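As structure tokens, the structure follows; a few thoughts come after it.
No lab work stands behind these numbers, since they all come straight from the coordinates. Please read all numbers here as calculations on a predicted model, not as lab measurements. For neighbour counting, all protein chains shown are included, and Cβ atoms are generated from backbone atoms with ideal geometry for every residue, glycine included.
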Amino acid sequence: MQFGSHRGRRSAIRAATWVVRVGRYSPMALSGIASLLLISSLVNPALWSGARQSTSDQMAPVLGVVGEPFQILSDAVGEMTGLTQIRAENAQLKAENAQLKEWYQTALLLQAENQSLRDLLNVIPEPDQSYITSRVIADSGSGFVKTILIEAGTINGVEEGQAVLGSQGMIGRVIEPGEKASRVLLLSDINSHVPVVVEGVNQRAILAGTNGDHLILTHLPEDVLIKKGARIVTSGTGGMFPTGLPIGEVVDVNKGIPIVRLFSDPYTGGYVQVVEKPQNEGVRKSINSLTGGTM
Amino acid sequence: MFPSGFEAPRVLKNIIIYILFAFLFILSLAKIPLISAQTGQQGFVLVALYFWQVFRPSLFPYILVFAVGLLYDLTAGGMVGLNTLCFLVMAIVVRGQRRFLLGQSWQVVWAGYCVAVIGVVGFQGLVFALQSWTIPELWAVGINIGVSCLLYPLFLPVLMLINRQLSH
């Protein structure tokens, strides 16, 4: 038995020595291994998701600790330099407030009218949303991938596919929920495609990322006229996201393709909100039947 | 207690190098104001990798470069192997030019770093283009390269100081 363990130890030492030798004398071999890893990742992007999740979980506390002083410093500097702007901002806010008071009265009237119409039609009410607020702790580490890492995971109730909101609108969705940290794919990433509705014309479309600052609307019928300033919200198609989450507005139409700018810049805010999926069992059952139980 | 030939100060100095490297590694991934992955945040780790490959390659063997690249890939959430390969190729090329770089002024060494950054970002852009069949926005790539290059002189005094301390 002891002889066996000796042999095992010897072979482990031999293997470790071999790895060290390869590392020292054969950088080409290591480059070959790296190339194989890259090819495997290109062929099957989900292959390493488990390893990525557990690494993110382990690294999350360190990333959070290193990033926090910078955030505090940035906030402090922002507060100091912002004093001169406060007066101008205050005047602007006063004007906006007066305008909003008028809108508030209109909104109350519309809400009452909407409620009475819903009662007449016996509409099933939309489930109330709940949110998980989390700090952004890391960036994607590459200029060609648009993701962020947030300090909330499955232990906080984060699940794959949940919508993530910035200060003024949706910015992405959870793609790799770890135990303590989760990766969010931003809407601007080229791999992001979200079902949306163009308000005003009430037209469904797909909002696609371009890896740039602006996004584009695809799968639109040719005869639909979309104007600048049209608001884009989630359609809720497929049950992945709640209906009506604000995303952005059309800023231009280039060769028939509407260009969309997000309401929220995903890189400026230090905190995000993860939209929890409806907890109502009936609603969940309906979503599961639509998505095949993957959500 | 310690093996013969043990030099406590040297070991401590080496540890400082690794601590600084780890800090720059984390800084290249953490959420910090003013700079993001889109604007050359990866430059933090590239500066450290390049500098120590030129001045202290024995402290950063290829196997360690491989491990750093792999950890970077797994933490960054991108394609696994991409940064591992970039870091390794950069290390191999820099070590090949080490004798030339050691005798040059810091500006020439900086120029060498800029070439390394262009190579790394260019290769990443090429892989991205092949994967998504999309040409990356050139101005964004330019900003990424520019900021990464500017990070080198920012950290050079600290890195040189540690390197000088190690020489004594």
Gaussian network model of chain B, Cα within-10 Å springs - most flexible of B:L138, B:L88, B:L46: B:L138
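Which of the DSSP-defined H helices in chain A satisfy a minimum axial length of 20 Å, computed from C-alpha atoms, and a minimum mean Kyte-Doolittle hydropathy of 0.5? Walk me through the intermediate numbers first.
Numbers: long enough: A:2-25 (34 Å, -0.59); A:27-43 (24 Å, 1.91); A:49-81 (44 Å, 0.08); A:83-121 (53 Å, -0.53).
Taking the DSSP H segments of chain A (at least 20 Å long, mean hydropathy at least 0.5), we get A:27-43.
Using unit Cβ charges (K, R positive; D, E negative) and no other charged atoms, how large, in debye to the nearest 20, is the dipole of chain B about its Cα centre? List each step's numbers first, then the result.
Numbers: 8 positive and 3 negative charges, 96 e Å.
Dipole magnitude for chain B comes out near 460 debye.
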Folded to 0 to 90 degrees: helix B:43-55 orientation relative to chain B principal axis, Cα: 40 degrees
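Shielding of A:34-46 by partners, i.e. mean partner chain Cβ atoms within 10 Å per residue? Show your work: numbers first, answer last.
Values: counts 15, 5, 2, 10, 10, 2, 3, 8, 7, 0, 0, 4, 0.
If you average over the peptide's residues, the count of other-chain Cβ atoms is 5.
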Vicinal HN-Hα couplings computed from phi for the stretch A:149-163 (Karplus, 6.51 cos²θ - 1.76 cosθ + 1.60; Hz; Gly/Pro x): 10, 10, 8, 8, x, 4, 5, 9, x, 6, 10, 5, x, 5, 6
Positive-pole candidate from B:S105, B:H168, A:N90, dipole of the protein assembly as shown, charges at beta carbon: B:H168
For the stretch A:50-121, radius of gyration divided by Kirkwood radius, i.e. Rg to Rh on alpha-carbons: 1.34
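What's the local net charge at A:S74, with K and R +1, D and E -1, over the other residues with C-beta under 11 Å away?
On the way: positive: B:K31; negative: A:E68, A:D75, A:E79.
With Lys, Arg at +1 and Asp, Glu at -1, the net is -2.
Rounded, prolate or oblate: pick one for the stretch A:206-271, where a ≥ b ≥ c are the square roots of the eigenvalues of its C-alpha gyration tensor, a/c under 1.5 means rounded, and failing that, prolate if a/b is larger than b/c, else oblate.
Working: a/c = 1.92, a/b = 1.24, b/c = 1.55.
In terms of gyration-tensor shape, oblate.
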Dipole of chain A [Lys/Arg +1, Asp/Glu -1 at C-beta], most positive-end residue of A:W48, A:S31, A:V198: A:S31
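Find the Rg to Rh ratio for chain A, where Rh is the Kirkwood radius over alpha-carbon pairs and Rg uses the same atoms.
1.08
Considering all projection directions equally, how large on average is the shadow of the alpha-carbon convex hull of the stretch B:18-70, in square nanometres? Show your work: numbers first, answer last.
On the way: hull surface 15.1 nm².
So the Cα hull casts an average projection of 3.8 nm².
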Size of electric dipole in the protein assembly as shown: Cβ of Lys, Arg +1 and of Asp, Glu -1, about Cα centre, debye, nearest 20: 2340 debye
Most mobile of A:N90, A:N202, A:N156 in a GNM of chain A (Cα contacts under 10 Å): A:N90
Built amide H within the under 5 Å cut-off of A:I259, gap 5+: A:V251, A:D252, A:V253, A:N254
Projected-area mean, the stretch A:35-76, by convex hull of Cα positions, square nanometres: 4.2 nm²
A:Y131 paired with B:Q107, simple spin-label distance in nm, labels 7 Å along Cα-to-beta-carbon: 5.3 nm
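When Rg is the radius of gyration of the Cα atoms in the stretch A:69-198 and Rh is its Kirkwood radius, what does Rg/Rh come to?
Numbers: Rg = 20.3 Å, Rh = 18.8 Å.
With Rh from the inverse mean 1/r over Cα pairs, Rg/Rh is 1.08.
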Set of the stretch B:41-56 residues, backbone N closer than 17 Å to the point 7 Å along the Cα-Cβ line of B:L154: B:41-51
Partners for A:K227 among lysines (Cα-Cα distance below 25 Å; same-chain residues under 8 apart left out): A:K255
Proximal aspartates and glutamates to B:K13, defined as alpha-carbon separation beneath 20 angstrom and excluding residues fewer than eight positions away on the same chain: none
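Find, among the chymotrypsin sites (Phe, Trp or Tyr not before Pro) in the stretch B:131-165, those assigned to loop by DSSP (not H, G, I, E, B) with at most 13 other beta-carbon atoms within 10 angstrom.
Numbers: sites: B:W133, B:W139, B:F155; in loops: B:W133.
Hits after loop and neighbour filter: B:W133.
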5 angstrom amide H check on A:I137, placed H, neighbours 5+ away: A:L149, A:I150, A:E151
